[in-house]
Amino acid sequence: MQENLKTVTIQAGIPGTTTLLQKGVTIHATSGMSIREFMVEIIGLSSDYAETRVRAIFVNGSPVDDIDGVKIKDGDEVSLSGALPGISGIAMCRDTPISGFRSDISAQTSEAVRSGDAIIYLKLFNLIAKEAGPTLLKKGVIAQAEDVRNFLKDDAPEGLPAEDGPILLKYKNH
């Protein structure tokens with residue numbers, strides 16, 4: 001699918017890219033990958049960054065504690081964030097003393113094995129969007145042309161199709 005999309009490039013640091021990543025973009029992965037594998041192999045985060053900086057992870061709205069045991073599948077929505085404020089934020093972050101109180105809503109581990117393509121809707125928030133977004137945008141993401149226009153406004157790139165639809169959005173190589 002990615003090969004058939006119009007590629008549109010933008011300069012690094014354009015205002016609005018963080019907001020676009022918060023709304024969400026689509027990326028390709030492999031079904032059955034662990035959350036850790038997804039963050040390192042697909043997004044391009046270092047293992048240390050994934051372990052220490054990404055504190056709140058949600059898969060389809062459920063908080064994730066075990067980044068090795070929870071696996072992704074086609075159609076999943078994955079949200080990544082740094083630490084969240086307040087008691088609610090603490091409860092939703094990984095490895096906190098009170099995360100056990102939300103076990104009924106936590107994402108469950110799976111024995112799924114890697115098999116087949118997965119299209120993942122990815123949202124990056126707060127410092128993760130600012131710090132990891134550039135790495136992701138260098139690789140390229142699938143975004144809706146209308147979202148790119150709405151979030152980048154006057155900085156929307158030339159060559160953006162007039163009609164809405166998916167495009168491959170990447171940072172320009174320097």
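Tabulated data for the structure shown
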quantity	calculated
In the range 94-109, the residues that are out of contact with any helix residue (DSSP H, G or I) (no Cβ under 6 Å at 6 or more places or on another chain), in a helix (DSSP H, G or I) and either touching a residue at least 24 places away in the same chain (Cβ under 8 Å) or at positive phi (or both)	Ser99
Residue within the range 149-156 that is in contact (Cβ under 8 Å) with a residue 24 or more places away in the chain and more than 21 Å from the chain's Cα centre (by Cα) present	yes
Lone unmet requirement of (1) small (Gly, Ala, Ser); (2) under 25 Å from Pro134 (Cα atoms); (3) surrounded by fewer than 17 Cβ atoms within 10 Å (Cβ to Cβ); (4) out of contact with any helix residue (DSSP H, G or I) (no Cβ under 6 Å at 6 or more places or on another chain) for Ala112	(2)
Meets criteria (assigned to a helix (DSSP H, G or I), of a type in the set (D, E, K, R) and under 23 Å from Thr30 (Cα atoms)) for Lys170	no
Matching residues in the range 75-93 - criterion: being in a loop (DSSP other than H, G, I, E, B), of a type outside the set (A, V, I, L, M) and over 14 Å from Lys123 (Cβ atoms)	Gly75, Pro85, Cys93
For Gly133: the one exception among (1) surrounded by fewer than 17 Cβ atoms within 10 Å (Cβ to Cβ); (2) touching a helix residue (DSSP H, G or I) at 6+ places or on another chain (Cβ under 6 Å)	(1)
Residues satisfying the stated conditions in the range 115-130, i.e. assigned to a strand (DSSP E or B) and either among the acidic types (Asp, Glu) or crowded, with 19+ Cβ neighbours inside 10 Å (or both)	Asp117, Ala118, Ile120, Leu122, Leu124
Among the candidates Leu137, Leu84, residue that is aliphatic (A, V, I, L, M) and either at pLDDT 90 or above or under 22 Å from Leu168 (Cβ atoms) (or both)	Leu137
Identity of the residue in the range 48-63, of a type outside the set (Phe, Trp, Tyr) and part of a strand (DSSP E or B), that ends up surrounded by the fewest Cβ atoms within 10 Å (Cβ to Cβ)	Ser62
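The values are calculated or read from the model by the stated rules, or taken from the named source; none is laboratory data. Every value quoted in this text rests on a predicted model; they were computed, and no experiment measured them. Note that each Cβ is placed from the backbone with ideal geometry, even for glycine, and that neighbours are counted across all protein chains shown.
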